[in-house]
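Below is one structure, written out as structure tokens; the observations come after it.
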Amino acid sequence: KVMPSQNADIYNGGVEAVSTLLGASAVFAVGYIKLSWSTWGEMTLFLCSLLIAAAVYVMDTVQSIWVCYASYVVFRIIYMVLITIATFQIAANLSMERYALVFGVNTFIALALQTLLTLIVVDARGLGLCITTQFLIYASYFAAISVVFLANGIVSIIKKCRKQEDPSSSPQASTS
């Protein structure tokens, strides 16, 4: 729907390459962040999902191809970081023997949800919505996911705080 001006070229391939390169760099940089992912991982996923929702919403509402390109780059970078953090959060709680099963099931469920969403939103046999409405639905989808991550993050932070305040849970209290 958003077309460049008549004297401008379309840079979709270049934007895709730049977003992939910057996303890979961001994921690499995440490995150097010293953060208690078990405590703050869910809140980070909340923030990433919220920023993705905002980027998709911007792509839905603006008429400038350059703003759409910039929003897409932001979307891709954050999405790659989000997937990396989520994968780490899952892997941190698994034994080595369960990796293949859990990630295989996760990939299958993600693909099934993506297919179902596409059938409902895009396909003519479903709702067959126009592209701007599709982007609005996708932005809402990421916003809803961010609310789920926010709720989980708040619960995990509260549990962590209560565990630190509870003197009976400390190692010294159980040895005396």
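The values are calculated or read from the model by the stated rules, or taken from the named source; none is laboratory data. This structure is a prediction, so every number in the text was calculated from the model and none was measured. Ideal geometry is used to build each Cβ from the backbone, glycine not excepted, and the neighbour counts take in all protein chains shown. For accessibility, only protein heavy atoms count, side chains too; no ligands or nucleic acids. Shrake-Rupley method; radii C 1.70, N 1.55, O 1.52, S 1.80 Å.
Data overview
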quantity	calculated
Overall form of region 76-144 per C-alpha gyration tensor (a/c, 1.5; a/b vs b/c)	oblate
Carbon/sulfur fraction of accessible area - the chain, other protein chains in place, 1.4 Å, %	69
Estimated inter-spin distance, Thr87 and Val155, nm [label 7 Å along Cα→Cβ]	2.6
Label point distance in nm, Leu94-Asp166, each placed 7 Å from Cα along Cα→Cβ	2.8
Per-pair calculated FRET efficiency, R0 = 35 Å: Gln63 and Asn106 via Cβ, rounded to 0.05	0.40
Cα-only radius of gyration and Dmax that characterise the chain, units Å	20.3, 79
Where trypsin sites (Lys or Arg not before Pro) fall in DSSP loop in region 71-176, at most 11 other Cβ within 10 Å	Arg125
For the chain: accessible area per residue (Å², 1.4 Å)	67
Charge dipole magnitude, Cβ of K and R +1, D and E -1 - the chain, Cα centre, debye nearest 20	300
Solvent-free Debye scattering, log10 I(q)/I(0), computed from the Cα coordinates of region 22-124 at q = 0.12, 0.14, 0.19, 0.24 Å⁻¹	-0.53, -0.71, -1.13, -1.30
Given charges at Cβ of Lys, Arg, Asp, Glu: the chain dipole, positive-most of Gly13, Ala86, Ile158	Ile158
Calculated [θ] (222 nm, deg cm²/dmol) that DSSP helices of n ≥ 4 give over the chain, each run adding -39,500 (n - 2.57)	-27000 deg cm²/dmol
Sum of side-chain charges, Gly153 neighbourhood, beta-carbon under 13 Å (Lys, Arg +1; Asp, Glu -1)	+1
